[in-house]
Amino acid sequence: MVGLKEELLKSIWHAFTALDLDRSGKVLSHNLCTVLNVPHDPVALEEHFRDDDEGPVSNQGYMPYLNKFILEKVQGNFDKVEFNRMCWTLCAKKNLSKSPLLISDEDAFKVWVIFNFLSEDKYPLIIVPEEIEYLLKKITEAMGAGWQQEQFDHYKIALNTSREGLSAWELIDLIGSGQFSKGMDRQTVSMAINEVFNELILDVLKQGYLLKKGHKRKNWMERWFVLKPNIISYYVSEDLKDKKGDIILDGNCCVEALPDKDGKKCLFLIKCLDKTFEISASDKKKKQEWIQAIQSTVNLLRAGSPPPHKEARQKRKELRQKLLAEQEELERQMKELQAANENKQKELETVRKQLEAAAARAAEEEKKRLQTQVELQDRFSLELEREKMVRQQMEEQVAQKSSELEQYLQRVRELEEMYKQLQEALEDEKQARQDEETVRKLQARLLEEETAKRAELEKWHLQQQQTIQMTEAEKQELENQRMMKEQALQVAMEQLKQLELERKEALEQYEEVKKKLETAANNTKSWKDKVAHHEGLIRLIEPGSKNPHLITNWGPAAFTEAELEERQRSWKGKKATSE
């Protein structure tokens, strides 16, 4: 409510200062109660505006009544545009420039309202150059033109040399003169002012045509949507006359993109606690812009932050206040430095005067000292001559004594040098004897070591001779063994070849015996069949040994037991030889 009260006071200040003093309080109070939806109290008004010492219509007399009976009762349920238009009506006729402007009265009214929003919170109201630059940039961007920074810098320099800022009417003259909108027609400038007015005053964050799906008929209708910090309103057209509904936004709302369906493209969804709204944009770019704008608004509601333009204005004010505080601090420090400098100058002047007085006293004392010095010089000249003669005599005696002393010292130095040389010779002789004893002991130790080494070498030589002899014998023995193994290998190879031949012969004999057995078996079978056919079954008696039959690879009873034992002994002997 404090921010709302400050905004209201700025418009009321313009209206109050424009009215005649004898009727400004009563007329303005009545109109304010009407547009602000505050109950009018004529008795309190008459009681307050009686003839007293302060005056019924003075600033001191009116402001307490305004705060107590009007502003403190404002609830915010009023039309801000209507309130500003009422104040504009009361002050525009008196203050608006008579010279022709490139903007209409309606545009001048919007610029006046924007001025109240951007002006400083001190009276008389002015808008500082930083806010002028911000407003002109917004209007230039809305016109789609390029910002001329160099031109504004020149204007800013000229403005700062004369005053701190502009009044509302000077700002209207500046924008209406077309100085920063050259090349633009009236309609373009008017549309740009209206766009900035909607954003800064009406808190319109975004607006435009979109298609909305109905909740009952499920049909799609084109509506003009207006996004504000906590609500989205949609109208039949952009003139805002026929309002169709609102979408209340809070921190629980969300917006998300939808895939194309039912022949509609660029769809997105706004979810609230009680309802869900399906919206269709004309293209993907507008769809993304609306999604981002709505999501940013919801994020601000969640964070409890004001609209971006109000937050930016507050930051700019805080920055200016900070810079102003720093400037005031700097000025205070400069004043302190200047005062300190002046004090130092005074101290230096005092010291200079003291030095001048001290120099005068020193000059007088120096003059007296010179006179005394001349007298002393005359007095001591004779004494100096006498002293000179005495000193000359003393110097001659000192020179003689010095010569004798020098000779005596020279003799002492020579004796000391001889003593040092004698000491060094004795030390050298002592060291030489010690070195000789050390060398003698070293030679004895080396001789003992050499004897031991010689005995050890002779022992190693005998061991080496024995080792060589043993190595020769072992070598001969190994050579004999190798020859024997080679001979045994050759014998084994020959036996292997012999066995291979015997095996081949045995296989051939086996094949022949097998054929004979097959022939005999065929003959026997044929004979048995004949006998069985003619004479019946009979038992055949075959010749052979009564001993158990021996079966080998060459068939049954191919060898006797004696022959098999002989063959086994032969094979074992060959195997042992080969191994």
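The values are calculated or read from the model by the stated rules, or taken from the named source; none is laboratory data. Remember, it's a predicted structure, so these values are computed and weren't measured experimentally. With ideal geometry, Cβ positions are generated from the backbone for all residues, glycine too; neighbour counts draw on all protein chains shown. Ligands, DNA and RNA are excluded from the accessible area calculation, which covers all protein heavy atoms including side chains. Shrake-Rupley method; radii C 1.70, N 1.55, O 1.52, S 1.80 Å.
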_Accessible area in the full protein assembly, largest first, 1.4 Å probe, for Leu258, Leu462_ = Leu462, Leu258
_Taking R0 as 35 Å, what FRET efficiency do you get between Glu486 and Asn523 from their Cβ-Cβ distance, rounded to the nearest 0.05?_
0.05
*Residue order for His215, His154 - accessible surface, 1.4 angstrom probe, largest first*: His154, His215
*What number, rounded to the nearest 500 deg cm²/dmol, is the helix-based mean residue ellipticity at 222 nm of the chain, given -39500 (n - 2.57) per DSSP H run of at least four residues and division by all its residues?*
-24500 deg cm²/dmol
*Report the accessible area of Ser119, computed with a 1.4 Å probe over the heavy atoms of all protein chains in place, in Å² rounded to the nearest 10.*
0
*Give the shape of the range 68-214 as rounded, prolate or oblate, defined through the alpha-carbon gyration tensor: a ≥ b ≥ c are the square roots of its eigenvalues, a/c under 1.5 means rounded, and otherwise the shape is prolate if a/b is larger than b/c and oblate if not.*
oblate
_Nonlocal amide H pairs with Lys206, under 5 Å, H built at 1.01 Å_ = Leu227
*Where Val513, Val390 fall by accessible area, highest first, once all protein chains stay in place (1.4 Å)*: Val390, Val513
*Where a ≥ b ≥ c are the square roots of the eigenvalues of the C-alpha gyration tensor, would you call the chain rounded, which needs a/c under 1.5, or, failing that, prolate if a/b is larger than b/c, or oblate?*
oblate
*Could you check the simple spin-label distance between Ala145 and Glu375, using points 7 Å along Cα→Cβ, in nm with one decimal?*
9.8
*So how much accessible area does Met418 have, in Å² to the nearest 10, using a 1.4 Å probe?*
120
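Between rounded, prolate and oblate, where does the range 269-358 land on the alpha carbon gyration tensor, with a ≥ b ≥ c its root eigenvalues, rounded for a/c under 1.5, else prolate if a/b exceeds b/c?
It comes out prolate by the Cα gyration axes.
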_Compute, for the chain, the length of the dipole vector about the Cα centre, with Cβ point charges of +1 (Lys, Arg) and -1 (Asp, Glu) only. Units Debye, rounded to 20._
4080
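How much accessible area per residue does the chain have, counting only protein heavy atoms and a probe of 1.4 Å, in square angstrom?
Spelled out: the 1.4 Å probe surface of the chain, per residue, equals 72 Å².
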*How much accessible surface does Glu6 have with a 1.4 Å probe, in Å² rounded to 10?*
80
*Once you put a point 7 Å from the Cα of Gln463 and another 7 Å from the Cα of Val81, both along the Cβ direction, what distance in nm separates them?*
12.4
*Provide the per-residue ³J(HN,Hα) series for the range 251-263, in order, calculated from phi with Karplus coefficients 6.51, -1.76, 1.60 and θ = phi - 60°, each as a whole number of Hz, with x at glycine and proline positions.*
x, 8, 6, 8, 10, 8, 6, 10, x, 5, 7, 6, x
*Given 0.36 nm per residue, what is the gain on full extension from Leu319 to Leu4 after removing their alpha carbon distance, in nm?*
111.3 nm
*³J(HN,Hα), Karplus 6.51/-1.76/1.60, whole Hz, each residue of the range 472-489, x for Gly, Pro*: 5, 5, 5, 4, 5, 5, 4, 5, 5, 4, 4, 4, 5, 5, 4, 4, 4, 5
*In whole Hz, what ³J(HN,Hα) sequence does the range 124-129 give by Karplus (6.51, -1.76, 1.60; θ = phi - 60°), x for Gly and Pro?*
x, 5, 9, 10, 7, x
*Heavy-atom accessible surface of the chain: percent carbon and sulfur, 1.4 Å*: 53
*Alpha carbon centre of the range 389-406 versus the range 127-198: separation in Å?*
106
*Using amide H atoms built 1.01 Å from N in the peptide plane, name the residues 5+ places from Ile231, or on other chains, whose amide H lies under 5 Å from its own.*
Leu249
*Among Lys212/Lys284; Lys10/Lys244; Lys216/Lys284, which pairs are too far apart, with a Cα-Cα distance over 25 Å?*
Lys10/Lys244; Lys216/Lys284
*asked:* Just want the answer: with Cβ charges of +1 for Lys and Arg and -1 for Asp and Glu, which residue in Asn116, Val351, Leu166 is farthest toward the dipole's positive end in the chain?
replied: Asn116
*Burial order of peptide ranges 367-380, 262-275 (average beta-carbon count within 10 Å, highest first)*: 262-275, 367-380
